[in-house]
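Below you will find the structure I want to go over with you.
The values are calculated or read from the model by the stated rules, or taken from the named source; none is laboratory data. These numbers were taken from a predicted model, which means no experiment stands behind them. When we count neighbours, we look across all protein chains shown, and the Cβ atoms used for this are built from the backbone with ideal geometry, even at glycine. Note: accessible area is taken over every heavy atom of the protein model, side chains too, but ligands, DNA and RNA are not part of it. Shrake-Rupley method; radii C 1.70, N 1.55, O 1.52, S 1.80 Å.
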Amino acid sequence: MDLSKVTVRSMKDGEQKEMQKVGRKAFQFVEALFVGRPGKAMVAEYEGKIVGGIIYKDLNTRKKRIAYIDEAFVDPDYHGLGIGKKLYTETFDALWKQNYHVLTALVKDDNVGSWKPFQDNGFKRVSVWQMIKEIGIAGFLKHYLATPYLIALGMDFYMCGREHAIREKGKIPLQIFFYFFVNLLLLFPLWIRLYHRDAGSFLWSFLAYGTLLALFIMSRYAGKIISKNKGKFRLNQGGSFLLLLLAFFGNVFFMNANWYPEKYENTDEFRKGLAIPEIIKWFLFVLLPWVGMIPNSYCQALGHLAQAFLIFIIIPFYPFEAFGGGRIYRYKKKLWLVMVIVTAAECFLISCL
């Protein structure tokens, strides 16, 4: 393909339906449902056909103009031709010319096809505190309420400033601390209910949940060592409202954290390295529900919680894929299917006992 024939321009009135169609084609399953009719967008056009686009919207504050990148996609039939790189670069150039002060985006953790173009154009992954520092509390709240951030498990915020470079921060010990602190804190509604119902039950459930958090990370770390897969640990920011909502109704969930490589490779060996920690974690969680058979309050709480998480960690699609199922599914679909069958059989057997 001659990239000079690809034109990146503003979306014209009447092209909203076609943009939505291409966007839904580019995404899979549940993610496709999040692609709505765009209000503002940049279009990649080739020989009169829309082959990609970036949908954005204004999340301005009184002091700063902010463009939030809602969706970015290229028609799957045109992948690998360089259209994406041109689309991203020229879109951001166009937005800077429109005098935006800050550009932001919410990107899925393992989706290198999305976050790499952002990084190449000066975006950095930012913490909540960095967001507040750059765009203020009002700006942060707009992002919190007007984007999928509320339920976006396994996703991170990226940001780029026009006036100065934004540095990526996040020391590993601090990330681990927040992993435990935030997850335990966000279940506050559930802890209160359990405490008023039965103080003893609350204590054992609290300890069991903390144990699961530790085992979740420790098993992933053991797999990381075995697979010799280098990476940095970080807590994903999204999904806090989903956690609070489930806690309100008496269920448990937790925000995701994992080791992420700085460089991704499109090889089976690399996908294997990412999948091994998730397989080890799954195997551990397969064993844990049987601990609940021990006539002990702590063991019963641990077994019950582990059984619930066992289901979540094999789901390979958004918004649950970040818990490990996505990495296994992308490595070996047949292996993933075997794990699903084993999980379903175990859950059925335990329910019959």
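For segment 143-194, enumerate the residues that are among the small types (G, A, S), in a helix (DSSP H, G or I) and buried (at least 16 other Cβ atoms within 10 Å of the Cβ).
none
If you don't mind, there's one more thing I want to ask. If you take the residues of segment 85-102 that are open to solvent by less than 20 Å² (accessible area, probe 1.4 Å) and touching a Pro at 6+ places or on another chain (Cβ under 9 Å), which of them is nearest to H164 (Cα to Cα)?
Y88
Next question. Tell me the residue from F202, F157, F206, F181 that is closer than 25 Å to S297 by Cα and in contact with a Leu (Cβ under 7 Å, 6 or more places away or on another chain), please.
Unique residue meeting the criteria: F202.
Within segment 59-81, which residues are open to solvent by less than 30 Å² (accessible area, probe 1.4 Å) and of a type in the set (K, R)?
Scanning segment 59-81 gives no hits.
To keep it simple, each residue is scored yes or no on (1) of a type in the set (F, W, Y); (2) farther than 17 Å from T147 by Cα; (3) at pLDDT below 95.
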residue: A26; (1), (2), (3): no, yes, yes
residue: R37; (1), (2), (3): no, no, yes
residue: I54; (1), (2), (3): no, no, no
residue: R62; (1), (2), (3): no, yes, yes
residue: D70; (1), (2), (3): no, no, yes
residue: Y78; (1), (2), (3): yes, yes, yes
residue: E90; (1), (2), (3): no, yes, no
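What are the residue pairs meeting all of these: first residue in segment 293-311, first residue touching a residue at least 60 places away in the same chain (Cβ under 8 Å) and among the aliphatic types (A, V, I, L, M), second residue outside any helix (DSSP H, G or I) and surrounded by fewer than 17 Cβ atoms within 10 Å (Cβ to Cβ), Cβ atoms under 8 Å, and 6 or more apart or on different chains?
Partner pairs satisfying both residue conditions: M293/L353.
Only one of (1) touching an Asp or Glu at 6+ places or on another chain (Cβ under 9 Å); (2) modelled with pLDDT of 85 or more; (3) β-branched (V, I, T) fails for I166. Which number is that?
Every listed condition holds for I166 apart from (2).
For segment 120-132, state whether one or more residues are touching a residue at least 12 places away in the same chain (Cβ under 8 Å), open to solvent by 40 Å² or more (accessible area, probe 1.4 Å) and touching a helix residue (DSSP H, G or I) at 6+ places or on another chain (Cβ under 6 Å).
yes
Is it fair to say K57 is under 25 Å from the mean Cα position of the chain (by Cα) and of a type in the set (D, E, K, R)?
Answer is yes for this residue.
How many residues does segment 228-244 contain that are open to solvent by 80 Å² or more (accessible area, probe 1.4 Å) and in contact with a strand residue (DSSP E or B) (Cβ under 7 Å, 6 or more places away or on another chain)?
1
Can I ask one more? Conditions first: (1) open to solvent by 60 Å² or more (accessible area, probe 1.4 Å); (2) closer than 30 Å to F216 by Cα. F140 passes all but one, so which condition is the exception?
Every condition holds for F140 apart from (1).
May I ask you to verify whether I135 is β-branched (V, I, T) and without any contact (Cβ under 8 Å) to a residue 12 or more places away in the chain?
No.
Could you tell me whether any residue of segment 106-114 is over 13 Å from the mean Cα position of the chain (by Cα) and without any contact (Cβ under 8 Å) to a residue 60 or more places away in the chain?
Scanning segment 106-114 turns up at least one residue that is over 13 Å from the mean Cα position of the chain (by Cα) and without any contact (Cβ under 8 Å) to a residue 60 or more places away in the chain.
With the condition kept exactly as written, say whether any residue in segment 14-26 is under 30 Å from I315 (Cα atoms), open to solvent by 20 Å² or more (accessible area, probe 1.4 Å) and free of Cβ contacts under 8 Å to residues at least 12 places away in the same chain.
There is at least one residue in segment 14-26 that is under 30 Å from I315 (Cα atoms), open to solvent by 20 Å² or more (accessible area, probe 1.4 Å) and free of Cβ contacts under 8 Å to residues at least 12 places away in the same chain.
Would you confirm, using the coordinates I've provided, whether E265 is under 30 Å from K171 (Cβ atoms), in contact (Cβ under 8 Å) with a residue 12 or more places away in the chain and of a type outside the set (V, I, T)?
So E265 fails the test.
Residues that are closer than 30 Å to I137 by Cβ: list the helices (runs of 4 or more DSSP H) wholly contained in segment 1-107 that include at least 2 such residues.
By residue number, 83-97.
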